[in-house]
Amino acid sequence: MAITIAIANQKGGVGKTTTAVNIAGALARSGKDTLLIDLDPQGNATTSLGLNKRAVDVTAYEVLTGFVSAHAAVHPTGRAQYSVIPATEDLAGAEIELAQVDRREWRLAESLADVGDFDYILVDCPPSLGLLTLNALCAADYVLIPLQCEYLALEGLAQLKGTIERVRQHLNQRLALIGVVTTMYDSRTNLAQQVLEEVRRYFPNHIFKQPVPRSIRVG
């Protein structure tokens, strides 16, 4: 069975997509068959991997709404052992269409039963705590939280932690927090240092020791 990891944070611009794309790439380079699921209607992960969103006809939207199997939506990326289920803006309509559907939180988890033989599945979540992110958390074994080293990024951390706890208690008991990875860290500023200290107080056992530095090259 694949290990499934949701990359989640309801705040936008904290580095979710960059984190997801690059972790998936690192796993693929290490010889692991890896699938990245783009669950963000903006489709930035899809674009980052060189896919033309106008040219893909089977996406995460068709998977969640039950039109196709997850296996049918898997696209190659041109990189060895690295595949993607892409997203387009159509995915924004899935939350509305699934609102009254039974077991709507489990659509992604149930579809992954026939996705194929992968070692790792990573899910790039949208910047919200809506039904798309809930589907990712119900399908995942683990959740990874990228957090930008700015004060505003700390505001939603308690809400996200509470959501993860509720999902674990009521929907997906196997869900575990891998940890918080701090992103866009600038060691020259007091702000970044203070944010890092706050996160260490809030998640003493779940923060990665090495923050990801701000890099123009990554952008």
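Residues whose amide H lies under 5 Å from that of residue 118, counting only those 5 or more places away or on a different chain, are 2; hydrogens are built 1.01 Å from N in the peptide plane.
Stretching the chain fully between residue 117 and residue 142 yields a gain of 7.1 nm (0.36 nm per residue, less the alpha carbon separation). Annotation: amide H of residue 176 within the under-5 Å range of 142, 143, sequence separation 5 or more or interchain, hydrogens built in the peptide plane. Lysines within cross-link reach of residue 11: Cα-Cα under 16 Å, excluding same-chain residues under 8 positions apart? Reachable lysines: 161. Estimated from helical segments only, the mean residue ellipticity of the chain at 222 nm is -9000 deg cm²/dmol, where each DSSP H run of four or more residues counts as -39500 (n - 2.57). Straight-line cross-link reach from residue 16 at under 14 Å between alpha-carbon atoms covers these aspartates and glutamates, not counting any fewer than eight positions away in the same chain: 38, 40, 124.
Debye-formula intensities of the range 35-154, expressed as log10 I(q)/I(0) at q = 0.21 Å⁻¹, are -1.23 (one equal scatterer per alpha-carbon, no solvent). For the chain, DSSP calls about 10 percent of its internal beta bridges antiparallel. Taken over the C-alpha atoms, the chain has Rg and Dmax values of 16.8, 51 angstrom.
Simple rule: put +1 on each Lys or Arg Cβ and -1 on each Asp or Glu Cβ in the range 86-190, find the dipole, and look at 151, 92, 135; the Cα lying farthest toward the positive end is 151.
Can you pull the percent of Cα pairs in the range 101-219 with separation above 17 Å? So the portion of pairs separated by more than 17 Å is 61 percent. In order along the range 15-21, the Karplus-derived 3J(HN,Hα) couplings, from 6.51 cos²θ - 1.76 cosθ + 1.60 at θ = phi - 60°, round to x, 4, 5, 4, 5, 5, 4 Hz, and Gly and Pro are given as x.
Think of each Lys and Arg Cβ as +1 and each Asp and Glu Cβ as -1; about the Cα centre, that makes the dipole of the chain roughly 800 debye. Here the peptides 22-33, 136-147 are ranked by packing, the mean other Cβ count within 10 Å, and the order with the highest first is 136-147, 22-33.
Rounded to the nearest 20, the size of the Cβ-charge dipole of the range 118-208 about its Cα centre is 260 debye, with Lys and Arg at +1 and Asp and Glu at -1.
Here, each number is a calculation from the coordinates, and none is a lab measurement. As the structure is a computational prediction, the values presented were derived from the model and not from experiment. Neighbour counts run over all protein chains shown; Cβ positions are idealised from the backbone, glycine included.
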